[in-house]
Amino acid sequence: MTYLIAGNWKMNGTPASAKALAAGLAAKAKAGSKAEIALCPPAPLLSAVDAAVAGSPIALGAQDCHANEKGAHTGDVSAWLLKALGCRFVIVGHSERRADHGETDAMVKAKAAAALKAGLTPIVCVGETDAQRERGETSAVIATQVAGSLPEGATAANTVMAYEPVWAIGTGKTATTADIAAVHAQIREVFKATAGEAGGLRILYGGSVKGANAAEILATAGVNGALVGGASLDPEDFWKIIQACP
Ligand code: 13P
């Protein structure tokens with residue numbers, strides 16, 4: 001299975017910085033890389049990044065989409081527009097969207113369904129908060145989120161899952177490899193029960209992945225790539241993560 005390393009730039013970057021970052025990575029990737037790479041810039045920078053990675057194997061991804069194809073939804077972006085702009089991936093259900101915008105599993109499921117209909121691969125994010133972890137609810141939360149966020153028609157081939165413990169995002173803390181392996185195994189099980197099969201399903205880990213810890217995390221059983229926030233804005237460190245794929 002080819003590893004996927006996706007850079008989630010979140011709400012960072014300018015047209016100039018996005019172009020420079022993406023062009024630098026594209027030049028490296030053209031010479032060969034150890035993983036499939038996706039860059040997920042803020043929506044207004046998609047075209048600049050698309051132009052910068054043209055002719056390279058780097059794929060374009062977005063950070064969110066609306067559940068509808070078009071209509072009166074001020075400020076939102078349709079999965080069909082993302083597809084037309086050259087996206088191959090779209091992140092849905094990121095914990096920052098769940099927290100900042102009150103996105104529920106049902107909303108995430110509708111967004112993932114739209115992504116599939118538009119011909120995009122949704123990267124469906126799940127993960128427990130610190131309080132949920134402290135209360136020993138991790139496995140219950142993961143089961144509910146995976147089962148509730150997967151739309152009809154989701155398969156191991158057209159969908160990517162991402163496990164991002166909320167407490168590990170942007171904190172410098174990472175889950176232990178034993179915990180990551182256990183949660184990834186559970187995600188695979190629930191995905192199989194929900195979608196019918198999970199062979200070949202890629203499950204990414206996210207949460208303070210850096211060049212320094214990538215090799216250990218990426219070598220963990222059941223981990224098929226990484227969803228990288230902060231370190232994806234640093235070209236050297238992001239490249240280290242890509243090259244750390246087994
Ligand atoms: P950090 O890598 O900055 O912890 O962010 C992880 C993340 O949320 C990626 O989607």
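For the chain, the solvent-accessible area with a 1.4 angstrom probe is 42 square angstrom per residue. Calculated mean residue ellipticity, 222 nm, the chain: -12500 deg cm²/dmol, from DSSP H runs (n ≥ 4) at -39500 (n - 2.57) each, averaged per residue and rounded to 500. At the residue level, ARG202 shows approximately 40 square angstrom of accessible surface with a 1.4 angstrom probe and all protein chains present. Electrostatic tally near CYS125: other residues with Cβ closer than 15 Å to its Cβ, Lys and Arg +1, Asp and Glu -1, net -1. Which whole-angstrom value gives the distance between the alpha carbon centres of segment 115-138 and segment 1-77? One Cα centre to the other: 21 Å. Spelling out what I want: for every residue of segment 154-162, take phi, set θ = phi - 60°, compute 6.51 cos²θ - 1.76 cosθ + 1.60 (Karplus), and round to whole Hz; glycine and proline get x. Calculated HN-Hα couplings, in order: 6, 10, 4, 7, 9, 9, 10, 9, 9 Hz.
Over all directions, the projected convex hull of the C-alpha atoms in the chain averages 11.9 nm² in area. Can you give the net charge of the other residues whose Cβ lies under 12 Å from the Cβ of ARG88, counting K and R as +1 and D and E as -1? That works out to -1.
From the square roots a ≥ b ≥ c of the eigenvalues of the alpha-carbon gyration tensor of segment 159-198, which class results: rounded (a/c under 1.5), prolate (a/b over b/c), or oblate? Prolate shape, in that a/c is at least 1.5 and a/b is the bigger ratio. Could you run the Debye sum over the Cα atoms of segment 59-135, one equal point scatterer each and no solvent, and tell me log10 of I(q)/I(0) at q = 0.15 Å⁻¹, two decimals? So the normalised log intensities are -0.49.
The values are calculated or read from the model by the stated rules, or taken from the named source; none is laboratory data. Computed from a prediction, not measured in an experiment: that's the story for all the values here. Here Cβ is always computed from backbone atoms with ideal geometry, including for glycine, and neighbour counts include all displayed protein chains. Only protein heavy atoms, including side chains, enter the accessible area calculation; ligands, DNA and RNA are left aside. Shrake-Rupley method; radii C 1.70, N 1.55, O 1.52, S 1.80 Å.
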